[in-house]
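Inspection log for the structure reproduced underneath, given as C-alpha cells.
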Amino acid sequence: MKELSLNILDIAENSMKAGATLTEIIIIESSLELSITVKDDGCGMSEDILRSVTDPFYTTRTTRSVGLGIPLLKMAAEMTGGRVELHSVVDDGKTDAHGTTITAYFYKNHIDFTPLGDVISSITTLIQGHPDTDILFSHVTEYGEVGLDTRELREALEGVPLDTYEVIKWIEGYLEEQYSEINYKK
Amino acid sequence: MKSLAELKAIRDKMKDKVVIREGSSDVRVVVGMATCGIAAGARPVLNAFVEAVNESGLAGTVTVSQTGCIGICQFEPVVEIYEAGEKTTYVKMTPEKAKTVVEKHLKGGNVVAEFTIANYN
C-alpha cells in the first residue's frame, strides 16, 4: 500500500463485513510516533481465527486462500520498528461486548515509514460504501484534533442517506477545514 | 466554517429528491474495494465515478457501489457496470478512464471497448 490511509480503508472494510454498527477509527500522532486503531462491534473472531489472521495464507473467503489486509498492515508497522496488537471477542449470543480492535504502532522517523496520505478520502469512501453503519473518526495530533461522528450527522440529516453526494462533499469539506485549522501538514 | 446547520440545509434540499431516486436506479457501477483493489488504486477510481456520475446529472438512474474481491486481482482496479441484464467489466481503471466511461458509456450508451477485460485477454 502506498499510503497508510489505504490500509485504514482496507482494515475498516473488514469491520463492515463483520456486521459492525459502529466502527471507530482513531489515529494518535506525536512528532515521533503514530498509532492507528480500528475498533468495531462486529461479530468478532474466535481464538483459532485470531491466531491465523496475521498469516498471509489465511482468509475466511472460500474463493481463494489469500487474505492480505492484516499482514500488509503488520508489515508496514514492523518495517518501522513498530508492531500490531489485535484483540477480538467473538459474538456467542451472550455478550454485547463483541467485536475486534486492531492497533498498529509506527515510528515516523524510520526511513521505511509509509506516509499517512489522504485519510479524508478513506473516510468518505467508507461512508459512501456503507451509509447505514456508523463511523467515529478521530485524529489526535500535537497541533490539535480532527474528528467526525456519523451518528451526529445522521441525526441532523433526518433520514437523508449519508451516501448522498452533497453529504459526502460536505463531509470532505468539513474534515478539510478541520485539518487546515490545526495547520496539519501531511 | 462548515456546520451542522449547513448539513440541515442539504437535508431540506435533498428530501424531495430522495423519494424520486429510490427504486429508479437501473444502472449499477460496482467498484472492487478489497485489499487487491485498494492497493491497485480503486479508491480514487471510485471517487472519480461518484463525482462524474453526480456532476453529469446521472445520479437519478446510476448508483455507484462497492464490492469485495471478484477473483481477478491482476486486473484491478476492476469496475463492473450492470444494466438491463448486461454486464461490462472494465479493468486496470484510473480516475481518467472512469471519467471517459461516465461520458461515453453511461451518458452516451457506448461501451468503451479498449478498457474492457476482453481487450486484455
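The values are calculated or read from the model by the stated rules, or taken from the named source; none is laboratory data. In this text, all values refer to a predicted model and were calculated from it rather than measured experimentally. Glycine gets a Cβ as well: all are built from the backbone with ideal geometry, and neighbour counts include every protein chain shown. To get the accessible areas, we keep the full protein, side chains included, count just its heavy atoms, and leave off ligands, DNA and RNA. Shrake-Rupley method; radii C 1.70, N 1.55, O 1.52, S 1.80 Å.
Name, by its number, the condition in (1) modelled with pLDDT of 95 or more; (2) in a strand (DSSP E or B) that does not hold for residue B:39.
Unmet for residue B:39, out of (1) modelled with pLDDT of 95 or more; (2) in a strand (DSSP E or B): (2).
Give the residues of region B:59-91 that are of a type outside the set (A, V, I, L, M, F, W, C), free of Cβ contacts under 8 Å to residues at least 40 places away in the same chain and either surrounded by 14 or more Cβ atoms within 10 Å (Cβ to Cβ) or within 18 Å of residue A:68 (Cα to Cα) (or both), sorted by residue number.
Within region B:59-91, B:61, B:63, B:65, B:66, B:67, B:68, B:71, B:74, B:88, B:89, B:90 meet the criteria.
Check off (1) within 14 Å of chain B (Cβ to nearest Cβ); (2) open to solvent by 10 Å² or more (accessible area, probe 1.4 Å); (3) in a helix (DSSP H, G or I); (4) not acidic (Asp, Glu) for residue A:8 and give me the number that stays unchecked.
Every listed condition holds for residue A:8 apart from (2).
Any residue at all in region B:103-111 that is under 30 Å from residue A:132 (Cβ atoms) and open to solvent by less than 60 Å² (accessible area, probe 1.4 Å)?
Looking through region B:103-111, at least one residue is under 30 Å from residue A:132 (Cβ atoms) and open to solvent by less than 60 Å² (accessible area, probe 1.4 Å).
Quick check on this structure: which one of A:168, A:127 is open to solvent by less than 70 Å² (accessible area, probe 1.4 Å), modelled with pLDDT of 95 or more and within 9 Å of another protein chain (Cβ to nearest Cβ)?
A:168
Out of (1) modelled with pLDDT under 90; (2) more than 9 Å from chain A (Cβ to nearest Cβ), the odd one out for residue B:70 is which?
The single condition residue B:70 does not satisfy is (2).
Does residue A:142 qualify as being in a helix (DSSP H, G or I) and exposed (fewer than 15 other Cβ atoms within 10 Å of the Cβ)?
So residue A:142 does not fit the description; no.
Do we have residue A:88 as under 29 Å from residue B:67 (Cβ atoms), open to solvent by less than 20 Å² (accessible area, probe 1.4 Å) and either among the polar types (S, T, N, Q) or more than 19 Å from the chain's Cα centre (by Cα) (or both) here?
Taking the combined requirement at face value, the residue does not satisfy it.
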